[in-house]
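Readers should treat all values here as calculations from the given coordinates under stated rules, not as data from a laboratory. Treat the numbers as computed from the prediction; the structure is a model and nothing was measured. Backbone-built Cβ (ideal geometry, glycine too); neighbour counts: all protein chains shown.
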Amino acid sequence: MSVYVPLPHTGEYIRLLKLGPGNLQDDLIAEFFVHNLNDAQPEYTATSYVCGDDDRCRHHITMSGTNLGIYKNADEVLRRFRSETDATYLWIDVCCIDQDDPVEKAKEVSLMWKTYKHARRTVVWLGPADANSTAAIQYARSLDASRYLKEFRPFIMYGGQNRPSKSLILDELTAHPQKESLTNSCAEFLLRPYFTRLWCQQEGSLSSEPVVVCGEDEIPWNQVFALAWLFEPRYTMLWPSWFLPNYPNGYAELEPNLGFIQSVQEYRLAKAMDPDVEAINRAFSLVRIMHDASRFRCYDPRDKIYALRNIASDWHLNDWAPQPDYVTPWEEVYTNFAVILAGRADRQILDYSGICQQGDQVGDNSGLPSWVVDWRSRPWQQYLHQAEWKAGGTTFRTKAEIIPKKKRHALNRMLQAANQPRKSLRYALQITVMMQDSISCLSGVVGNPMGLEDGVDLRKHYKEVLALDQVVQAFVCALPHPNYITSERALHAYNTTLIANTTDTDTIASPEYISDGAEEWRSWLSCGANPNNNTIPRYHDAIDNVDTFRFKHFCVSSAGYFCLVPHITDPRDTIAIVKGIDMPIVLRPVGEYYVYLGQCFIHGMMMPKAGELIEEFLVMYDSKESKVVIRRPDGEIRRNGRKMDAGEYVRILGTLGERRVELI
């Protein structure tokens, strides 16, 4: 017999836990209370915590005489917030939702945002205290949270990567006698599992007054945000060698947790601002917040969509976001969501998808269509997107169409042969490309880049990097044209491509930065590139930021484009510019279809150059003859009587022309 009291089939009802009084060691005894969310009474406390991965068999709560298994962390929460003298009304997911009933779970999950919004308060349980948490909370209490909130507000309104005036923990603690130990204590406190959980993001965002609790310590949420904000760097930087010595990836392990705290604070501040402000609506579009939250963890992959729909600013207009559904497999949920995005012509569908961004662990093949975003793990930020980069122009149109059944079997065989098996081939995504060219040469990468988290330190592989660079330099210098399509010297174009024309501080590189920096970098490599030497060339940091030679090949195409392409690229693949998409992409032909591998950088084509040349020379692709036709080979005479000076770009006209491509 079920321990659960039935909920009405209509209306907005939840179960509350009426928890009996007791001391810390007393058994947990409670009964259910069915509560209408539209009623003000009784007042209740909502709990936000990490469920844990135990099987609910070691801990239990007695509900009306029947034992109900709960997680160890839930046991801690209930004991911590139980009154010694009075009954307490609490909402806690593991008890108040029947976890074994997928239909009820879907309905109650859709009401969770109201559950937290209507609670008298929300308690955020981080777990028992330790020496790090005690020191961190004491320091966090001393911070002027209003000062850091003031620094943060422009970030919400205007975004941007560089924040030269923001405060930084290393500066704030410069004169502190325990600078290193306190910095690390605060960082380890922020590394607690709570700041990695997806559902906790919604809970913290929607709660009216969240209180963070660690052991016996309680602290307002804003103080925790202030602490986390101090660890956000002004721009890409190298942290001291003493920072987080027990964590192999150092700051990279802390960064997702900081993103969690910022996203919660961003939403909480945005609620108090004008909801019609375009920047706020853009910041909280469903796909954008799903991308930001994709690095957070949850036990059911489907929750990557369901947990955020009620925070989004754009789903409620026509309720286009998927409703919670715990019956349909997660692969189908992700594919169906991608079909919705295609119908909305959302260009982010290609920004966040591609084979190089699928799979939640090393060597994993998700089996999703290559154009479907794998929300289980954070899409890899392959390039820092510059405002000037709009390779495909502005108008993006796409459509997902059902693949005829008679084609699917043959396609599956071809995909198996290409080592790209797919679990679902129901849909193909139609896109329009403005340029396409085959790959001629790949530089190679160092180490074994099977997974982004297991990446190699290029400084330790300086001999391999130097050898690769020397081989590519010789190849570039032997090309038939001494100048690149941009009319600059080919070697300078190669140096520009290695860093995707982006400096170590994430800005567009100047010619001087490139020429001087590349020379200094090669000299540094030749002298041994001491990994312990802190005087690392800025050009090397720029290469490291872009992951060249680590997760990206330098590539030369058949027509002479210089590119950076994903490490999974091979000579059978092609580069392309998609109409309406800012970043070029890499495609692998499979029969008449293509598998989408990932984004790439093409030097000289990151502006809307392809569109300008197509218009100027009236370049068209003849699909029947499978060839490019240049209908105006001398260019268009403009109103001033002059023609466009295309310079060396005339060499690549044969790669241009709009054509339809279908991705699987």
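Side notes on the structure shown:
- Within a straight-line Cα-Cα reach of under 25 Å, LYS406 can be paired with the following lysines, leaving aside sequence neighbours fewer than 8 residues apart in one chain: LYS423, LYS624.
- For the pair ALA387 and ASP570, a Förster radius of 41 Å applied to the C-beta separation gives a FRET efficiency near 0.80, rounded to the nearest 0.05.
- Student exercise, the chain dipole from Lys, Arg, Asp, Glu Cβ charges, in Debye to nearest 20: 1980 debye
- Computed across region 35-148, the Kirkwood radius stands at 16.3 Å (inverse of mean 1/r, all Cα pairs).
- On the beta carbon distance between GLU332 and ASP101, with R0 = 22 Å, the FRET formula returns roughly 0.60.
- Built from the Cα atoms of region 530-662, the convex hull projects on average onto 11.0 nm², one quarter of its surface area.
- The C-alpha atoms of the chain define a longest principal axis, and helix 179-190 lies at about 80 degrees to it.
- Axis angle, to the nearest 10 degrees, between helix 330-343 and the longest C-alpha principal axis of the chain: 60 degrees.
- At most 12 other Cβ within 10 Å, DSSP loop - GluC sites (Glu not before Pro), region 51-104: GLU84
- FRET efficiency, 1/(1 + (r/R0)^6) with R0 25 Å, evaluated for HIS60 and GLU209 via beta carbons: 0.25
- Across the cross-link table entries LYS166/LYS390; LYS399/LYS627; LYS304/LYS399; LYS390/LYS579; LYS107/LYS304, which are compared at the Cα atoms, the separations over 21 Å belong to LYS166/LYS390; LYS399/LYS627; LYS304/LYS399.
- Phi to ³J(HN,Hα) by Karplus 6.51 cos²θ - 1.76 cosθ + 1.60 over region 404-419, Hz, x for Gly, Pro: x, 4, 5, 8, 5, 4, 5, 4, 4, 5, 5, 5, 4, 5, 8, 6
- For region 308-355 and region 389-424, distance of Cα centres in Å: 18 Å
- Alpha-carbon centroids, region 1-61 and region 229-254: separation in whole Å: 40 Å
- Taking region 597-623 and a reference point 7 angstrom along Cα→Cβ of SER438, the backbone N atoms nearer than 19 Å belong to 597, 621-623.
- Stretch gain in nm, segment GLN470-ASP516, where the contour uses 0.36 nm per residue and the Cα spacing is subtracted: 14.8 nm
- Cα pair distances in region 131-327, grouped into 5 Å bins until the bin that holds the longest one, percent each: 1, 7, 15, 19, 20, 16, 11, 6, 3, 1, 0, 0
- In a DSSP loop and with at most 13 other Cβ atoms within 10 Å, the GluC sites (Glu not before Pro) in region 517-617 are GLU592.
- Loop-located chymotrypsin sites (Phe, Trp or Tyr not before Pro) across region 186-260 with a Cβ neighbour count of 14 or fewer within 10 Å are TYR235, TRP242, with loop assigned by DSSP.
- With the helix formula -39500 (n - 2.57) applied to DSSP H stretches of n ≥ 4, the chain reaches a computed 222 nm mean residue ellipticity of -9500 deg cm²/dmol.
- C-alpha long axis of helix 511-526 to longest principal axis of the chain, angle in °: 80 degrees
- DSSP beta bridges in the chain [antiparallel fraction, %, rounded to 5]: 80 percent
- Here region 457-544 has an Rg and Dmax of 13.1, 41 Å, counting Cα atoms alone.
- Mean projected area of the convex hull spanned by the Cα atoms of the chain, taken over all viewing directions: 34.0 nm².
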